[in-house]
Structures are given as structure tokens and as C-alpha cells.
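Written below as C-alpha cells is the structure these notes are about.
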Protein chains: 4
Amino acid sequence: MEKETGRLEAFSDGVFAIAITLLILEISVPNLQAAATSTDLLVAIGHLWPSFVAFLFSFFVILIMWINHHEFMRWVRVCDYQLFFANGLVLLGVTFVPFPTAVVARYLGTGAARGAAVFYCGTFFFISLAYQILLRSVTRRRRLLRDDIPDDLLARAHRAYNFGPLVYALATGLAWWSAIAGMALCASLWILWARFRYRSFEAM
Amino acid sequence: MEKETGRLEAFSDGVFAIAITLLILEISVPNLQAAATSTDLLVAIGHLWPSFVAFLFSFFVILIMWINHHEFMRWVRVCDYQLFFANGLVLLGVTFVPFPTAVVARYLGTGAARGAAVFYCGTFFFISLAYQILLRSVTRRRRLLRDDIPDDLLARAHRAYNFGPLVYALATGLAWWSAIAGMALCASLWILWARFRYRSFEAM
Amino acid sequence: MEKETGRLEAFSDGVFAIAITLLILEISVPNLQAAATSTDLLVAIGHLWPSFVAFLFSFFVILIMWINHHEFMRWVRVCDYQLFFANGLVLLGVTFVPFPTAVVARYLGTGAARGAAVFYCGTFFFISLAYQILLRSVTRRRRLLRDDIPDDLLARAHRAYNFGPLVYALATGLAWWSAIAGMALCASLWILWARFRYRSFEAM
Amino acid sequence: MEKETGRLEAFSDGVFAIAITLLILEISVPNLQAAATSTDLLVAIGHLWPSFVAFLFSFFVILIMWINHHEFMRWVRVCDYQLFFANGLVLLGVTFVPFPTAVVARYLGTGAARGAAVFYCGTFFFISLAYQILLRSVTRRRRLLRDDIPDDLLARAHRAYNFGPLVYALATGLAWWSAIAGMALCASLWILWARFRYRSFEAM
């Protein structure tokens with residue numbers, strides 16, 4: 001039995017939109033003493049830089065994940081239950097993102113920075129595995145896909161996504177050695193993906 | 001008077017999507033001392049296992065509840081006010097889920113584990129009653145349903161859902177004796193449902 | 001200039017769905033000592049009764065507000081900017097509801113119960129004024145409405161909604177004398193509305 | 001390659017709807033002592049006025065931002081990746097709003113009021129730059145737009161939006177001198193925009 005993708009996309013869009021908007025709740029207002037001046041407040045907000053870094057990182061990665069999810073779903077003509085549960089795994093990852101984001105926000109500027117970065121990069125390692133499963137569920141049977149999706153687009157997507165878990169595993173290892181290096185590797189991957197997608201769409 | 005199900009589904013999808021995404025807010029970042037190391041942080045995150053268990057459980061149960069809700073609504077051709085209020089009861093249950101989840105997250109690893117598990121399983125007992133009412137509102141009058149929904153599908157659904165409150169009542173009782181046993185019974189029910197749905201759809 | 005109501009309804013549905021789902025975040029997990037037993041936990045959850053009352057009240061009132069909003073929008077054929085801003089006022093009220101709900105949850109069982117109930121009923125007094133403005137924006141010009149909406153349906157709606165602010169003003173005053181009496185008057189109004197809507201739809 | 005705007009609008013609507021509804025979470029229930037009376041509670045709620053001001057301000061500015069976003073998207077016929085990322089920047093701004101709102105809510109009534117107002121106005125300076133980028137992405141290539149959008153509507157929009165960053169920069173500077181003056185300048189801009197939109201639509 002097969003069903004149309006309409007409500008699946010609407011539900012997933014809802015989860016992505018909520019997860020990306022909840023991120024800000026993890027930044028808490030600095031708690032100053034009654035005598036604090038305006039300068040004190042702006043300095044205290046400046047000290048929240050790890051929160052802002054974590055917020056920006058997670059915002060853009062959820063945005064890119066949403067764009068990619070969008071792309072996969074655009075290929076799908078009909079949707080079976082394996083795809084349903086693979087999509088559920090991806091959403092599990094998406095809803096989890098605010099927690100490692102909060103961990104990085106809280107500990108990036110402390111002596112536990114490397115632990116926070118390992119946890120953060122490791123989360124994206126698992127999410128990239130979920131995307132692998134989703135991609136395989138989508139492309140497993142040609143008849144589930146729209147006719148106008150060329151095979152080499154799927155082949156290219158497979159190559160790009162095989163790359164993902166490898167880089168995230170590396171980033172997770174690297175983060176144990178240097179928090180900044182691990183997170184920078186993740187960020188470089190996102191910029192690469194954004195550029196790749198941008199280019200591949202310009203080319204079509 | 002009857003109305004189409006479009007906005008009812010959109011509203012319900014919104015509530016399911018938000019409830020499933022709010023679950024993560026109940027996991028709070030461990031609060032370590034300034035001198036904490038990266039290892040301390042990862043150990044502290046590991047100690048949050050009851051939160052992760054509660055998160056995973058509630059994530060998958062809301063996902064399955066959404067899939068089932070989806071299925072019921074797919075049968076409906078027109079929608080009257082009794083269905084409207086029955087749907088409201090189900091949504092009441094869905095929006096409530098983050099609270100027992102937080103109770104389990106906070107107390108599963110403590111001496112009050114059994115109380116937390118009783119409250120958690122008991123919540124799903126009430127939700128399964130709400131699903132009973134929804135199912136009855138949907139199937140009550142044949143003319144509200146789409147013509148291509150076979151009667152034996154409805155009969156099978158009734159049998160499957162009659163099962164629900166019984167198992168949850170049992171799980172609630174069992175949880176008072178052992179938290180793990182009660183929650184495992186709930187989980188086994190969800191796996192059963194996911195498999196059942198998977199199978200029944202493969203068969204069609 | 002006039003625009004179709006599609007995105008207005010989608011946006012409003014989103015706000016209603018989120019507001020109704022956020023209510024649960026205002027109930028916090030009881031904070032017991034390490035030696036607490038399962039019985040202690042269940043007793044402590046029982047002591048949260050004002051939170052559950054507030055949650056139930058606000059859940060059903062938002063649900064009824066959503067159904068009524070739905071109904072108004074069903075009448076509208078085209079939508080001008082006055083309707084846009086009137087709708088904004090109603091949404092302002094809807095997003096505000098979780099705050100008085102939290103106030104009632106926190107203070108209904110204390111010596112400040114009457115103050116909490118006054119604030120809660122007073123909020124709905126203002127929301128009922130916003131609904132008045134929305135209803136007037138919707139019905140102000142016949143050409144904005146669908147042709148098949150009979151005039152006497154609008155007349156009945158006007159009578160029903162004129163009633164609202166009066167009863168809420170009375171409930172707010174009553175709450176200063178007795179918290180329970182004020183909140184019971186609000187609840188009776190909601191039951192009346194739910195029944196009225198149910199009946200009027202059965203009759204059509 | 002170009003894609004239709006459907007899911008982009010649905011996702012953006014979701015983010016706007018969630019951001020506007022999360023604002024209320026930043027107002028916390030006053031924490032009174034056990035012996036507090038109903039009058040104490042109402043007085044304490046009155047002392048939350050900076051929270052209510054911040055809530056109202058941010059509610060209406062997100063509503064206006066949503067209406068404008070809506071308007072831009074109405075012009076667009078097809079949507080390329082530059083528009084995708086420009087839209088992402090705007091959403092980054094929208095999701096960020098609850099944080100400066102909470103800062104103003106917490107500090108407007110204190111000696112650090114000017115710092116809070118500078119941060120708040122400065123946030124809208126950056127958001128107005130994001131809207132500039134979005135507007136330019138939308139209008140950059142005539143073939144991305146619907147044919148029935150007249151050129152002078154675009155020209156007027158450009159003039160109106162060039163205005164934005166200038167006024168917000170001024171408001172940010174002014175806020176350092178007087179918190180109230182800076183925030184009043186922002187508010188006057190919103191009223192102007194709401195009136196302008198209202199008028200321009202009446203005229204068409």
C-alpha cells in the first residue's frame with residue numbers, strides 16, 4: 001500500500017520549523033545584580049558568545065537538513081511504511097538538536113569545551129546515519145520515485161551522503177583533541193553542502 | 001451539518017508536531033562546577049539516561065499515535081461535531097505527554113521510579129480511551145466514511161483498539177510492582193502496533 | 001485590494017496549535033528530596049491539582065476559540081486589511097493565554113487564589129472584546145462574505161457574541177469574591193458555547 | 001533550476017507562528033511568599049509591565065514582518081537558491097526575536113534599561129538588513145516574479161525598505177541616550193508601516 005507524501009511533508013516541516021525556533025529558548029538572559037549598568041548588560045550579553053555560536057551553528061544545520069529533506073521528498077511519488085519510519089528516525093535527530101546545542105552553549109567557554117563539542121559532533125554523526133537510511137528508503141525501489149528524476153542525480157546524492165558519516169566521525173574524534181577544530185570541520189561540511197546544492201541547482 | 005477534514009487535520013498535525021518537538025525541552029543541561037573537565041561532562045550526560053529513555057519512548061509513541069490518527073482521518077469523508085470533540089480529547093492527551101515524560105526523566109533513576117512509571121503508563125491508559133472514543137466517532141455512522149473503506153478494516157481496527165486500554169491498564173498495575181516491567185509492556189505494545197501497521201499495509 | 005484567506009488561516013491555525021501545546025510547559029515536575037518514595041511522588045503529583053485544572057480550562061477554551069475562529073473564516077470570501085489586524089488582535093489574546101494559565105496554576109491553591117482568578121477571567125474579557133472586533137470586521141461588508149451564508153446566521157452570531165464580554169465582566173467581578181465561582185462561570189459559558197455550536201450544526 | 005514557493009512559505013509561516021507564540025514563555029509568573037494575598041498578586045503582575053511592553057512590541061513587529069514576508073512571497077512566481085538562503089537569513093532574525101524581548105522584559109525597569117533597548121533596537125537593525133537582502137533576491141530578476149506585479153510597486157517597496165535600516169540605526173543610537181526614545185522610534189516605524197500597507201492596499 002502506498003500513500004501520498006502530503007501530510008508526511010507537512011508534519012516534517014512542522015517539526016523542522018519548531019526545532020529551529022526552539023533553539024533560542026536555550027539562551028538565557030544574563031542575571032545581573034540590581035545595580036548593574038547598561039554597559040554591564042551589554043558586556044554580559046557579549047559573554048554569551050558560546051550561546052550565539054551554538055545558536056548560529058544549529059540554525060544553519062537545521063536549515064540545510066530541511067532543504068535536503070525537501071529535496072528527497074520532491075523525488076518521491078509514493079510513500080511506503082519503511083519510508084515513514086526512516087523519516088521518523090530523521091525527525092528524532094532533528095528534535096534532539098536543541099539539547100546538544102544547549103550543552104555547547106553552556107560549556108564551550110569552559111574547561112569542558114571538548115566534551116561538549118564531542119557530544120555535539122557525535123549527535124550529527126548519528127543524524128547523518130539517519131539520513132543515509134532515509135536516502136536508501138527513498139531510492140530503494142525505482143517505482144517509488146517520480147519518473148523525471150535521473151539516475152545520475154541519485155548516484156551523486158549517494159556519493160555526497162556516504163561522505164557525511166565519515167566526516168562527522170572524523171569531526172567527533174577531532175573535537176576530543178580541539179573543540180574548535182571539531183566544530184569547524186562540521187561547519188566546513190555545511191558550507192560545502194550549501195555550495196554544492198547551490199551549484200547543482202544552478203547547473204540544472 | 002458536515003465539514004471537510006482539511007483544517008482539522010492541519011490543526012491536529014500541528015499539535016502532534018509541536019508535542020513531539022517539545023519533548024527535548026524537558027532534558028536539562030547538567031549543571032557542573034566551573035572546574036569540570038570534558039570527561040566529567042560526558043559522564044554527566046551519560047547519567048541523564050532516564051531522560052533519554054523517556055525522550056525515546058515518548059517520541060516513538062507520539063509518532064505512532066500520529067500515524068494512527070492519520071489513518072483514521074484518511075477514512076473520514078465528512079466530519080461532524082462529535083468527531084470534532086473526540087479529536088479534541090485525543091489532542092488533550094497528546095499535549096499532556098511531555099509532562100509524564102518529564103516525570104519519568106526526573107524520577108526513573110530514583111527510589112520513586114515505580115510512581116513515575118505508574119503515572120506514565122496511566123497517562124497512556126487514558127489516551128487509549130480517547131482513541132477508543134475517536135474510533136467510535138469515526139465509525140459510528142457509515143455515511144461519514146469514504147465508500148472505499150472495507151467493513152472488515154474497521155472491524156480489525158476495533159479489535160486492535162479494544163486491546164489498547166486492557167494492555168495499558170495491565171502495564172499501569174505492573175509498573176507499581178516494577179517500573180521497568182510496566183514501561184517494557186508499553187514499549188512492546190508500540191512495537192507490536194508498528195509491526196501490525198507495517199504488515200497490514202504491505203498486505204493491502 | 002483583497003486577498004484569499006489561505007495563509008491567514010494557516011498562520012492562525014499554527015498559533016492556536018502552538019498555544020494549546022505550550023500550556024503543558026507551565027506544569028513543572030515536583031521537586032522531591034532524594035529519599036522520596038513512589039507514594040510521595042504520586043501524592044506530590046496530586047497536589048498539582050490547580051495546575052491540572054488550569055491546563056484543562058485553558059485547553060478547552062483555546063479549542064473552542066479555534067473552532068469559532070474556524071467558523072468565522074469559513075464565512076469569509078475575501079479578506080481585507082482591517083480583518084488582518086482584527087485577526088492579529090485575536091491571536092495576541094490566544095498567545096497570551098499560557099501566562100494567566102500559569103498564574104492560576106501557581107496560585108489557585110493559595111491565599112492569592114482570588115487575584116489569580118480575577119486575572120484569568122479578565123484576560124478572557126479582553127479576548128472576548130477581540131472576538132467582537134473580529135466578528136464586526138468579518139460581517140461589516142456583505143460583499144466580503146460567501147453568498148451562501150444566510151443573514152440570520154450572522155444575526156445569531158452577533159447575539160451570541162454580544163453575550164460574551166458581559167458574562168466575562170461578571171465572571172471577573174465574581175472571581176474577586178470567590179475564585180471558584182468566577183472560574184465556574186467562565187466554564188459554564190464554554191460548555192454553553194460548545195453545546196450551542198453542536199446544536200446549531202445539528203440543526204443545519 | 002527553480003521550485004515552487006509552497007513549502008518555503010509553509011515552513012516560514014511555521015517559524016513566524018512559533019516565534020510569535022513563544023514570546024509569552026519569557027514572562028515568568030511572579031514568585032510570591034506563601035502568605036501573599038490576592039492584592040499582592042495583582043500588584044506583582046502590574047510590576048511586570050516591562051515584560052508586557054516587550055511582549056506587545058515583539059508581537060506586533062513579528063506580525064508586521066509576517067505580513068511583509070507574505071507580500072514579498074506573493075510576488076514570486078519561481079524561487080531559486082539565492083532566495084532560499086536570503087529567506088533563511090530573515091528566519092534567523094525572526095527566531096532570534098524572543099531573546100532580545102526577554103532582555104528588555106528583564107531590564108527595562110532597571111538601571112540597565114538603555115543597554116537592553118540598544119540590544120533590542122540593534123537586533124531589528126540587523127533584521128532590516130536581512131529584509132533588504134530578501135527584497136533584492138526577490139526583485140533581482142524580473143523573470144522570477146509574477147507578470148501582474150507592476151514595476152512601480154517594486155520601486156515603492158525598495159524606497160520603503162531602504163528607509164528601514166536607517167531608522168533602526170538611528171533608534172539604536174537614540175536608545176543609548178534614552179531607552180524609551182529608542183523604543184518609541186521603533187514603534188513609530190511599525191505604526192507607519194502598518195498604516196502604509198493599509199493605505200496602499202486600500203488604494204489598489
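Just so you know, all these numbers are worked out from the coordinates, no wet-lab data involved. Quick caveat: nothing in here was measured; it's all calculated off a predicted structure. Cβ: placed from backbone, ideal geometry, glycine included. Neighbour counts: every protein chain shown.
If a residue must be hydrophobic (A, V, I, L, M, F, W, C), farther than 21 Å from D:LEU25 by Cα and in contact (Cβ under 8 Å) with a residue 40 or more places away in the chain, how many such residues does region C:1-19 contain? Outline the logic, then answer.
Initial filter on region C:1-19 (hydrophobic (A, V, I, L, M, F, W, C)): C:1, C:8, C:10-11, C:15-19.
From what is left, the residues that are farther than 21 Å from D:LEU25 by Cα are C:1, C:8, C:10.
Restricting the remaining residues to those that are in contact (Cβ under 8 Å) with a residue 40 or more places away in the chain gives C:1, C:8.
Here the count works out to 2.
Among residues belonging to region C:5-41 that are polar (S, T, N, Q) and facing another protein chain (nearest Cβ under 7 Å), point out the one that is surrounded by the fewest Cβ atoms within 10 Å (Cβ to Cβ). Outline the logic, then answer.
Residues of region C:5-41 that are polar (S, T, N, Q), as a first pass: C:5, C:12, C:21, C:28, C:31, C:33, C:37-39.
Now restrict to residues that are facing another protein chain (nearest Cβ under 7 Å): C:21, C:37-39.
Details: C:THR21: 29, C:THR37: 14, C:SER38: 21, C:THR39: 11.
The selected residue is C:THR39.
Where in region A:33-123 are there helices (runs of 4 or more DSSP H), lying wholly inside it, with at least 1 residues that are farther than 21 Å from D:ARG7 by Cα and under 19 Å from the mean Cα position of the chain (by Cα)? Spell out how you get there, then give the answer.
Working: elements: A:38-46, A:49-75, A:81-96, A:98-107.
Helices (runs of 4 or more DSSP H) meeting the threshold: A:49-75, A:81-96, A:98-107.
Here are A:ARG146, A:ARG106, A:ARG142: which of them is touching a Pro at 6+ places or on another chain (Cβ under 8 Å) and more than 16 Å from A:CYS186 (Cβ to Cβ)? Give the derivation first.
Details: A:ARG146 fails: touching a Pro at 6+ places or on another chain (Cβ under 8 Å); A:ARG142 fails: touching a Pro at 6+ places or on another chain (Cβ under 8 Å).
That would be A:ARG106, the only listed residue that is touching a Pro at 6+ places or on another chain (Cβ under 8 Å) and more than 16 Å from A:CYS186 (Cβ to Cβ).
B:ARG146 versus (1) crowded, with 17+ Cβ neighbours inside 10 Å; (2) charged (D, E, K, R); (3) away from chain C (no Cβ under 14 Å): which is the lone unmet condition?
With (1) crowded, with 17+ Cβ neighbours inside 10 Å; (2) charged (D, E, K, R); (3) away from chain C (no Cβ under 14 Å) applied to B:ARG146, the lone miss is (1).
With respect to B:VAL138, determine if the residue is under 24 Å from B:PHE60 (Cβ atoms) and touching a strand residue (DSSP E or B) at 6+ places or on another chain (Cβ under 9 Å). Break it down into steps so the answer makes sense when it comes.
Working: under 24 Å from B:PHE60 (Cβ atoms): yes; touching a strand residue (DSSP E or B) at 6+ places or on another chain (Cβ under 9 Å): yes.
Criteria met by B:VAL138.
Look through C:SER51, C:SER58 and report the one residue that is more than 10 Å from chain B (Cβ to nearest Cβ) and not hydrophobic (A, V, I, L, M, F, W, C).
Values: C:SER51 fails: more than 10 Å from chain B (Cβ to nearest Cβ).
Matching residue, one of C:SER51, C:SER58: C:SER58.
Among the numbered conditions (1) of a type in the set (A, V, I, L, M); (2) without any contact (Cβ under 8 Å) to a residue 40 or more places away in the chain; (3) more than 10 Å from chain D (Cβ to nearest Cβ), tell me where A:ILE45 comes up short.
Here A:ILE45 clears every test but (3).
Inside region A:89-135, can you point out the residues that are within 20 Å of A:GLY14 (Cα to Cα), at the interface with chain B (Cβ under 8 Å from one of its Cβ atoms) and in contact with a Leu (Cβ under 7 Å, 6 or more places away or on another chain)?
A:THR95, A:PRO98
Any residue at all in region B:8-19 that's of a type outside the set (Asp, Glu), in contact with a Pro (Cβ under 6 Å, 6 or more places away or on another chain) and under 19 Å from B:PHE96 (Cα atoms)?
No, region B:8-19 contains no residue that is of a type outside the set (Asp, Glu), in contact with a Pro (Cβ under 6 Å, 6 or more places away or on another chain) and under 19 Å from B:PHE96 (Cα atoms).
Which of the residues belonging to region D:20-59 are under 14 Å from D:TYR120 (Cα atoms) and among the aromatic types (Phe, Trp, Tyr)?
Correct list: D:PHE55, D:PHE57, D:PHE59.
Quick one: in region B:104-126, which of the residues that are of a type in the set (A, V, I, L, M, F, W, C) and surrounded by 24 or more Cβ atoms within 10 Å (Cβ to Cβ) is nearest to B:ALA171 (Cα to Cα)? Step through it out loud before you land on a result.
Within region B:104-126, the subset of a type in the set (A, V, I, L, M, F, W, C) is B:104-105, B:108, B:112-113, B:116-119, B:121, B:124-126.
Still in the running and surrounded by 24 or more Cβ atoms within 10 Å (Cβ to Cβ): B:104-105, B:112, B:116-118, B:121, B:124.
Working: B:VAL104: 15, B:ALA105: 18, B:ALA112: 17, B:ALA116: 13, B:ALA117: 9, B:VAL118: 8, B:CYS121: 6, B:PHE124: 10 Å.
The residue in question is B:CYS121.
Here's the yes/no breakdown for (1) in contact (Cβ under 8 Å) with a residue 24 or more places away in the chain; (2) more than 30 Å from B:THR37 (Cβ to Cβ); (3) of a type in the set (Asp, Glu):
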site	(1), (2), (3)
A:SER137	yes, yes, no
A:ASP151	no, yes, yes
A:ARG156	yes, yes, no
A:ARG159	no, yes, no
A:PRO165	yes, no, no
A:THR172	yes, no, no
A:TRP177	yes, no, no
A:ALA184	no, no, no
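Table: residues versus (1) of a type in the set (S, T, N, Q); (2) within 26 Å of D:PHE57 (Cα to Cα); (3) touching a residue at least 40 places away in the same chain (Cβ under 8 Å).
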position: C:THR21; (1), (2), (3): yes, yes, no
position: C:GLU26; (1), (2), (3): no, yes, yes
position: C:PRO50; (1), (2), (3): no, no, yes
position: C:ALA54; (1), (2), (3): no, no, yes
position: C:LEU83; (1), (2), (3): no, yes, yes
position: C:ASN87; (1), (2), (3): yes, yes, yes
position: C:LEU91; (1), (2), (3): no, yes, yes
position: C:PHE99; (1), (2), (3): no, yes, no
position: C:ARG106; (1), (2), (3): no, no, yes
